[in-house]
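First up is the structure itself, then whatever we jot down about it.
The values are calculated or read from the model by the stated rules, or taken from the named source; none is laboratory data. For clarity, every value in this text was computed on a predicted model and none was experimentally measured. Please note: Cβ atoms are built from the backbone with ideal geometry, for glycine as well, and neighbour counts cover all protein chains shown. The area values use the complete protein model at the heavy-atom level, side chains included, leaving out ligands, DNA and RNA. Shrake-Rupley method; radii C 1.70, N 1.55, O 1.52, S 1.80 Å.
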Amino acid sequence: MKTLADRLRSPDGGGNPGLSDPCLAGGLLAVLGCLAPLYPQLIHFGFAFFFRSTLFLLLGLLGYRFGLAEVARRIVTSPLFWPALLFLVLLSVELVQTPNVYRAKAKISLLLAAGLIYSLAFVWPWNERARQWVCWGLLIGGVGAALHALYTQWTGHGALIATIKTNPIYPADMREEMIRSLQANRALGRFGNPNHLAGYLVLCLWPLWILGKAQANRRQRMLLLAAGGILVWGIYRTYSRSGLIALAVTAALFAGYELHARGFRFTWKSALGTALSMLILGAGFFTLLPEQWLGGRLMTVSTIVARIHFFRGGVAIIQDHPWLGVGPEGFEGHYCAYLRPGDLESRYVHNILLETGVEGGIAGVFLFFWLLIVAFLSLSRAQRRVENGLPYPFAALGAVLTFLLLSLADFHNNLMEMWLAPAFLAGVATARKASTANPPPGRPAAQRKRSQGAAVLLGTGLAVVWIMMILLRFWNETYKANGYYLALDGQKTAARDAYERAVFFDRTDAESWNHLGHLWADTPGPAAVFERLACLKQAVRWLPRSAAYRADYADALFAAGQTDQCLEQLKTAQLLFPSRPIYHEKLARYYRLLGRTAEAVEQEQKAQHLHQQIEANRL
């Protein structure tokens, strides 16, 4: 059997031209690329299970064909391996301090999946046809997402607006912002967010550019040109300012590469002058545009002000937790304590650098910049080695820069779909040096046994990770969704059973515990009181910085006659979310029920003062 190094050295991957290993992997990744923007994993947990399980399947196939020990050895040779591994280890260790273990595990799963995409692209013995298959898959997915978004924009969002107006899931200020966005008739796509759709379409331009370099056929070039037009029109119709800026930067990179290829050499002065000229022209372009352009959003500042609030909260959290941060997905739980009356709530800080500082502190920022610098240096060196081949390193460098730029103004880095093009192109680009490596010399029997033992341990570890991070999460999400819809349909008993199964598969799911507590509140009988208390206590245990869950727990405690603990929970909720008046109003209500009128009046005055501040500061 050929070793992995032998396969890497062969021009076609060493396989059958029709059914080779590279084409199998390329075909599967191409299918994932086609489907990814149509089934965003933040919403479609079933596709998330299929997507990430396929990555584990491909890694397992790679290990079966060439040996897990050899695959692991190849992965370790990646220039990004150590900073990425240490960053992942840091986030995993910080699970002990994150206020939201459930979502923190989901984030680690996302980063692990992105690492698997890069590793497969780096290690797999690709041939050029398989690489282009993946690029075609990404491009087709982007064009499909753009066409779907343009069609839904043409038909209007009236039904969706009516649904959001009556949906109690979202806070009032968030509902207003969502309705305002829909009324501007922006293209949303399946992401439900115009900025995310625009970002994904911009990233799809890099596979399109690679395919354009590879195609000599005039008809194929015309087809790619039409696809590019659809992507650009879809980006514009999102009316996303960050998307248009990323598009302008991408166009500048394309132009710079073509000029350089034709003999023009940039100096620092010319590059700086070009950047300043683009900045001035961009400012003038946005200033002189008619106000009705971009769906009337040209001079809208509400989202900019909201991001300033998020950034300010992120900086405050970093100041209070400078060294190791607050753990993955810890922003939302801590941000509420820094909110001023009238500020918008958010799960994400909307800036990848601040998010890294919030979650990992100085240690996380150091590892992030280490990873970023190593990636840029590796891709730059790989681009200098390109002679007659396709410029994958430059495409990877451009995709990474675009992804970073988009993540500076939104939470694109928390979406699996956004990692596809940068991770794949970076893996293919940095693997080119490894593809000429010599096969390892023969090893003695004892060393081979140790290598086989390590391979068994690695395979077992990957299987355990897949079960814990992917399979159990899928069953949890499935039963949780069933419970939600059964509860809406009025089938309380069936919904309760579904939520009980959801928390069986993941005990850290505070949301399911909370819903289960509410369902027990609607169940008659003395046993239901204690079941409700137990469930809401678990919700507070796994999401200790949620003021809303503590208020729900306080209601259950008061109903059970534990008034002192009820008051303590509401006081804690006020500390966790001092700018929300509802917790003062609840505490006032319970004070009145207990006959403590003076304390109730004091809480009502505080609530009234907060209401006045919120109205004064409302965006």
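Couple of notes before you dig in:
- FRET efficiency, Gln612 to Ala316 (Cβ-Cβ, R0 22 Å, nearest 0.05): 0.40
- Spatial separation of Cα centroids for the stretch 134-159 and the stretch 217-253, in angstrom: 13
- Extension gain (nm, one decimal) between Gln97 and Leu24, 0.36 nm per residue minus Cα-Cα: 22.1 nm
- Accessible area expressed per residue, the chain, with surrounding protein chains retained (probe 1.4 Å, Å²): 47
- Rolling a 1.4 angstrom probe over the stretch 568-619 with all protein chains present gives an accessible area of which 52% lies on carbon and sulfur atoms.
- Dipole of the stretch 477-579 [Lys/Arg +1, Asp/Glu -1 at C-beta], most positive-end residue of His518, Thr493, Asn482: His518
- Normalised radius of gyration (Cα atoms, divided by 2.2 N^0.38 Å) for the stretch 472-579: 1.06.
- P(r) of the chain over all Cα-Cα pairs, binned every 10 Å from zero, in whole percent: 3, 14, 24, 26, 18, 10, 4, 1, 0
- Efficiency of FRET from Cβ geometry, Ile308 and Leu88, R₀ 35 Å, rounded to 0.05: 0.70
- Taken about its Cα centre, the stretch 469-585 carries a charge dipole of roughly 260 debye when the Cβ of each Lys and Arg holds +1 and the Cβ of each Asp and Glu holds -1.
- List Thr54, Thr493, Thr166, ordered by accessible area with a 1.4 Å probe, largest first: Thr166, Thr493, Thr54
- For a paramagnetic label modelled on Thr166 (point 7 Å from Cα along Cα→Cβ), amide N atoms under 16 Å away belong, within the stretch 477-513, to 488-490.
- Most positive-pole-ward Cα, Ser109, Val71, Ala306, against dipole of the chain from beta carbon charges: Val71
- Contour excess over end-to-end distance, with Cα ends at Leu457 and Arg589 and 0.36 nm allotted per residue: 41.7 nm
- Computed Kirkwood radius, in angstrom, where 1/r is averaged over Cα pairs of the stretch 200-279: 14.0
- R0 of 56 Å, Cβ-Cβ distance Ala251-Lys571: FRET efficiency to nearest 0.05: 0.50
- Rounded to the nearest 20 debye, the dipole magnitude of the stretch 56-121 is 100 debye, with +1 charges on Lys and Arg beta carbons, -1 on Asp and Glu beta carbons, and the Cα centre as origin.
- Around the Cα centre of the chain, unit charges on the Cβ atoms of Lys, Arg, Asp and Glu (plus for the first two, minus for the last two) sum to a dipole of about 2140 debye.
- The distance separating the Cα centre of the stretch 95-109 from that of the stretch 542-578 comes to 23 Å.
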